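Reading through the structure tokens given below for one structure.
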Amino acid sequence: MEIYTDGPMLALAGDFDVRSTWQVRNALYDHLASHPEDVVLDLSEVDTIDVTALKVLAVASRYALGHGHHLTLRGCRPAVRRMMLISRLNRMVEVAPMDVPA
């Protein structure tokens, strides 16, 4: 898992699964703590995601709301959106709409 930052945005690349949840969790909470504005988590380069990773996102979103922030997911690929729908995470986490090419 590769993690990049750009201001309030945190971008992930690779497989977001049980092997990388601790690394992502730490980076996400550090990012939320160091940015007073809302945080965007870019998942456009995430190839796969599992239920453990989804739980990290749900808890981080709740944490952000409790501390006056919003956590928005951006760039979710179809496989990620499908897992979010199956797990009903889409009801707990704000997901930016997909960009539709012209």
- Selection over the stretch 50-76 where residues are buried (at least 16 other Cβ atoms within 10 Å of the Cβ) and touching an Asp or Glu at 6+ places or on another chain (Cβ under 9 Å) yields a count of 10
- Query: What number of residues within the stretch 32-50 are of a type in the set (A, V, I, L, M) and closer than 12 Å to VAL80 by Cβ?
  - Reply: 4
- Lone unmet requirement of (1) in a helix (DSSP H, G or I); (2) surrounded by fewer than 18 Cβ atoms within 10 Å (Cβ to Cβ); (3) of a type outside the set (Lys, Arg); (4) at pLDDT 90 or above for ASP15: (1)
- Which one is surrounded by the most Cβ atoms within 10 Å (Cβ to Cβ), of the residues in the stretch 18-44 that are among the acidic types (Asp, Glu) and not in a helix (DSSP H, G or I)? ASP42
- Task: Report whether or not ASP17 is in contact (Cβ under 8 Å) with a residue 12 or more places away in the chain and either closer than 16 Å to LYS55 by Cα or of a type outside the set (Asp, Glu) (or both).
- Result: yes
- Just for the stretch 45-61: of the residues that are outside any helix (DSSP H, G or I) and in contact with a Leu (Cβ under 9 Å, 6 or more places away or on another chain), which one is modelled with the lowest pLDDT? ILE49
- Qualifying positions in the stretch 62-102 - in contact (Cβ under 8 Å) with a residue 12 or more places away in the chain, among the charged types (D, E, K, R) and either more than 20 Å from TRP22 (Cα to Cα) or part of a strand (DSSP E or B) (or both): ARG74, ARG77, ARG81, GLU94
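The values are calculated or read from the model by the stated rules, or taken from the named source; none is laboratory data. Keep in mind it's a predicted model, so treat the numbers as computed, not measured. So basically every Cβ, Gly included, is an ideal-geometry build from the backbone, and we count neighbours across all protein chains shown.
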